[in-house]
Amino acid sequence: MYEAEELFALYIKKLLLLASRLGNPGLPDCLVITVEALSRELTELFGKVAEDLGLGRSQLILQDRKESFYYFVYNQKQELWLHDIFCLTAVEMK
């Protein structure tokens, strides 16, 4: 019998092992997880999962979908920022 948190940690570990089979050996330096909306419960859950995986809390980044989108767009080449794509899409996400 497993607790739900243990099963979830096992699932994340399996995902990381799949990535290692594709040429990324070992644990990542940093793990970024995007969720629909952040909550205290999710933060605590992922913190425990990170510890179970041997990652420190400083190696875990939790973000919601909007923050993930903003980082993605902001880190694109500026040539891709043509026609105010960032402004239009950000307004549509509200």
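The values are calculated or read from the model by the stated rules, or taken from the named source; none is laboratory data. Everything quoted here is computed from the prediction, not taken from an experiment. Virtual Cβ from ideal backbone geometry, glycine too; neighbours counted across all protein chains shown.
Scanning region 55-67 for residues that are over 16 Å from E5 (Cβ atoms) and not in a helix (DSSP H, G or I) yields a count of 4.
Name the residue that is farthest from the chain's Cα centre (by Cα), counting only residues in region 14-46 that are part of a helix (DSSP H, G or I) and either surrounded by 15 or more Cβ atoms within 10 Å (Cβ to Cβ) or of a type in the set (S, T, Y) (or both).
Kept after step one, since they are part of a helix (DSSP H, G or I), are these residues of region 14-46: 14-21, 40-46.
Going one step further and asking which of them are either surrounded by 15 or more Cβ atoms within 10 Å (Cβ to Cβ) or of a type in the set (S, T, Y) (or both), we end up with 16, 20, 42-43, 45-46.
Values: L16: 12, S20: 17, L42: 12, T43: 12, L45: 13, F46: 10 Å.
Ranking the candidates gives S20 first.
Look at region 48-77: where a residue is within 13 Å of I33 (Cα to Cα) and a partner is small (G, A, S) and not in a helix (DSSP H, G or I), sitting 6+ places away or on another chain with Cβ atoms under 6 Å, you get D64/A37.
Take V73 and decide whether it is among the β-branched types (V, I, T) and modelled with pLDDT of 75 or more. Spell out how you get there, then give the answer.
On the way: among the β-branched types (V, I, T): yes; modelled with pLDDT of 75 or more: yes.
Yes: the conditions hold for V73.
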